[in-house]
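The values are calculated or read from the model by the stated rules, or taken from the named source; none is laboratory data. Values in this document were obtained by computation on a predicted structure and should not be read as measured data. Cβ: placed from backbone, ideal geometry, glycine included. Neighbour counts: every protein chain shown. The accessibility values were calculated without ligands, DNA or RNA, using every heavy atom of the protein model including side chains. Shrake-Rupley method; radii C 1.70, N 1.55, O 1.52, S 1.80 Å.
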Amino acid sequence: MQIILVVFVWLIGSAVAAEIRKPESQSAIPLKSEIIFDGIISETVYSEQYFGNFTQREPNEGKPATENTFAWVLYDKDYIYISAKLKDSEPDKIDRSIARRDSWVESDWFVFYVDPYNDNKTGYFFATNPGGSMLDGVLYNDSWDDNTWDGIWESKCRVTDEGWETEIRIPINQLRFRESENMVWGVNFERRIKRKNESAYFVMVPKKESGFVSHFAKMDGLTGIKPSARFEALPYIVQKAQYLQHDSNDPFYSGNQYRTTFGGDFKIGLNSSVNLDLSINPDFGQVEVDPAVLNLSAFETYYEEKRPFFVEGASILQFGFGGSNNFWGFNFGIPNFFYSRRIGRQPQGSVDTEGYVDQPTETRILGAAKITGKINDSWSLGALSSVTERTYAEVSEPSGLRHSQEIEPLTHYGVFRTKREFGDGNSSVGFLLTTVNRNLRTEELSNSLSKQAYVFGVDGWTFLDNEKTYVITGVAAGSYVSGTSEYMKELQQRPYRYFQRPDAGKYRIDSTITDLSGWFSRIMLNKQKGNFYVNAAIGAISPGFEYNDLGLQGMGNRINGHLVLGYRWFEPDSTFRSKSIYLSHFRNFNFEGNAISNGAMLTSNFQFLNYYGMSFQAFLDFPYYSPTFTRGGPIMKRPEGYYLSVSGYSDNRKPLVAYLSYNYSSDRMGSYGNSISFDTEWHPATNISVTLGPSISREIEKTQWVTAIDDSGFEPTFGKRYIFGELSQTYISATLRINYAFSPSMSLQAYLQPFFAVGNYSKFKQFRTPSTMDFMDFGKSGSTISFNKENDQYNIRSAEGSEFSFSNPDFNFKSFRANLIFRWEVQSGSVLYLVWTHSRANFDHPGDYKFGRDFSNLFSAAPDNIFLAKFSYWFNMF
């Protein structure tokens, strides 16, 4: 049926492409004499040809811009200059908001986009506003952007009686390009006028169209550019002071309280299109704290990467995404084969002692290197190599004896990514290799970590028609992991595999193997443009596929398929400025043929003429079979249910902007959940922003997993009793962010997050019959249950006469985290950070929620405080 629908929409779905005005190529202007870089457009060179006649994309697509913009591109042997006169009929209404470097703020903006490779896929953007704020980043996959790239460049701005003016100066060696005597680059310009919600471009790409970089205007005239050798150094010093809660007799505390570290990063231009980044004793500590979360699942929590070396240019190492401008997952996304927080993670070994332990919270990285760029017109390259040191915990036994214990082996991590494009960018094929190699010397670490782990993948895409309306993207990968038989046994029991399931079919634990291999594949179809929309995919991941050593794995043993149909209205009508609606169906099976998910989704988005907006989403889950719900036990049938979400937002041009979201879910067994969040963003002044985001949720889960208890005499569930309970849980949290910009180069940021999570378990029961939803309640049908307050545990006597107990699973987790960051960019690329991090937590009164008492208990808890000063200085060695 899905294939028929795809063919059907293939025949009827093509929309007539909207016209794109393609200006004739223009030339960059070589400078014959030096210009004064001051933000004042006054030199005679500005009487020459310019880029002008901008076209609106918002609010009135295709209409001429309401205000005139004149832009020039100039160059000399060292710099590219971009200058612009931005006329404004009401200059007193120009928005001059200030934000720290690389922070977007609603304001008037001027943006320069450039494709120096002229490959119609990649590029850079440089943005500045009348307040002097600066943004930059890279463009990739034709229409995607990544603002983690930080270039070294300058801008000057001023507001005049006729509008505002800006000059941007970019060192040529900051850009990557194919050096030749007469170069042609792709360029585009954008101007944003906040009060009119207007965005206008030199080359405007209509909303019905796809792509962005591929439509850039061509700029020639770049002759005789010879980039100088690039060798940049960024040494740093970090001083940290920690005031943590500790035992006064802990012999290790004072030695770790104050730490000073040194290191440096180096960037070397191997040629005009390839860079090498090196780090010696890199500072990979992050300045911002991670948000508090409570994870009741068997799967690992994902945390966003915030360390500069890994964040910058991360898009180069992305795998499986390309060609298509939209990807849908439905419980089956492209695997994250490179989760950079694996490198430098907390040591994975443990120490079993009643004494004191000095155990590092992170693994020191001895060195790291990264190479990125284009080898030639067709091939691009990205590679990363890092070595983490052998890490020890220092132990002081009660007897006074001291010794060290290895808790993390010497490890090398590697990523290699390359890609080649064909047919003028109409298709591409790429390769990925990730490696993890450990020098294991202890039995404990050998039985808990792999010795070596590899993932090799091939991805690619191709457009199916000359108009580039349809694209197919394909991915295939294989994995190989080796280690001791004990480690392989643990690997087979992970939550995305559960080979220990007693009712498992073909895939069961093999305690003799010393390696494991598997595969992954997916093929996706996407309609890139037009009103009518279609997206479809089918994929599979084998039970043995393993990539968690350097990736973040959350799925395995799965076959997936989905179909999405939609319609987008890009033109305003009497009520809406734009709207869209999508309907989809998805199914997942495991390799035993069980339907492990089956559902439908409806989602829609609306923006009103006044720039307010709302969205609605509904999921319908049909009954399915879960091989994970019993966490290694027999498969369980799960009931049908539904999920509803509605959200809205106000006009983001206003000083006060609001976002509201409400969610509700329910299933046939009586579980339900409500959650509401309300975010506000307030700009009391052009240099101040305050964001407050409180949220609250209340959930009742009728069948929350508690534990599994061995009972060889209980045959219905294969010699184990799988205990569940009804969980009533309440979550309350809020995030407060305050940003104060003294200037575009100096700012103060505050982040605060109180978090409360309270769960009360009741109505305990055991799973009774595999492949059903049958449970047996304790306290009924001849069974008894009692609670022992002294031991804080439940005692059970089953109807069959078996006696067992389990600990009270109730919880009351409260935390408060705060971060205060002063950032001063002393000069371009050289930054001083002063940071205070504060945290406290409390666990009193598990299962009993009283907000006033819990709030008081939290702020009565003893805090941890960390103070950090970091200074890095940028040197241009050539």
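A few notes on this one:
- One decimal place: the segment F456-N331 gains 42.8 nm when fully extended, by the rule 0.36 nm per residue minus the C-alpha distance.
- The charge dipole of the chain, taken about the Cα centre with unit charges on the Cβ atoms of Lys, Arg (+1) and Asp, Glu (-1), comes to about 1180 debye, rounded to the nearest 20.
- Under the Debye formula (equal points on every Cα, no solvent term), log10 I(q)/I(0) of region 797-878 at q = 0.18, 0.19, 0.23 Å⁻¹: -0.84, -0.88, -1.04
- Size of region 317-369 from its Cα atoms: along the principal axes, largest to smallest, the extents are 56, 31, 11 Å.
- Region 580-617 residues near the modelled S626 label - backbone nitrogen below 12 Å, point 7 Å along Cα→Cβ: 597
- Within a straight-line Cα-Cα reach of under 18 Å, K850 can be paired with the following aspartates and glutamates, leaving aside sequence neighbours fewer than 8 residues apart in one chain: E699, D810.
- In a DSSP loop and with at most 11 other Cβ atoms within 10 Å, there are no GluC sites (Glu not before Pro) in region 439-531.
- Loop-located GluC sites (Glu not before Pro) in region 701-800, at most 15 other Cβ atoms within 10 Å (DSSP): E790, E800
- Residues of region 758-800 falling in the label zone of R698, defined by backbone nitrogen less than 16 Å from a point 7 Å along Cα to beta-carbon, are 758-760.
- Protein heavy-atom surface of the chain, 1.4 angstrom probe: 54% of the accessible area is carbon and sulfur, with nucleic acids and ligands not counted.
- You can think of it this way: the chain between T261 and A314 has 16.5 nm of extra reach, that is 0.36 nm per residue less the Cα-Cα gap.
- For the pair D848 and N652, the difference between a 0.36 nm per residue extended length and the Cα-Cα distance amounts to 66.6 nm.
- Ignoring lysines fewer than eight residues from K489 along the same chain, the ones with Cα atoms less than 26 angstrom from its Cα are K451, K506, K720.
- Sites count as exposed loop sites when they are trypsin sites (Lys or Arg not before Pro), lie in a DSSP loop, and have at most 10 other Cβ atoms within 10 angstrom; the longest stretch of the chain without one is 33-505.
- Per-pair calculated FRET efficiency, R0 = 41 Å: E790 and F678 via Cβ, rounded to 0.05: 0.40
- The equivalent ellipsoid of region 512-664 has semi-axes of 38, 18, 17 Å, largest first, where each one is the square root of 5 times an eigenvalue of the Cα gyration tensor.
- Heavy-atom accessible area per residue - region 524-600, 1.4 Å, Å²: 30
- Rounded to the nearest 10 degrees, the angle from helix 851-860 to the longest Cα principal axis of the chain is 80 degrees.
- Evaluating kT/(6 pi eta Rh) at 20 °C and 1.002 mPa s, with the Kirkwood radius of the chain over Cα pairs in the Stokes-Einstein relation, gives 70 µm² s⁻¹.
- 5 Å binning of all Cα-Cα separations within region 463-558, expressed as whole percents from 0 upward: 3, 12, 19, 18, 13, 9, 8, 7, 6, 4, 2, 0
- Relative contact order %, the chain, counting alpha carbon pairs below 8 Å whose residues are six or more apart: 9
- For the chain, the longest principal axis of the Cα atoms and the long axis of helix 2-12 meet at an angle of about 20 degrees.
- Violating pairs (Cα-Cα greater than 31 angstrom) within the set K85/K370; K218/K419; K87/K207; K226/K529; K121/K870; K267/K419: K85/K370; K226/K529; K121/K870
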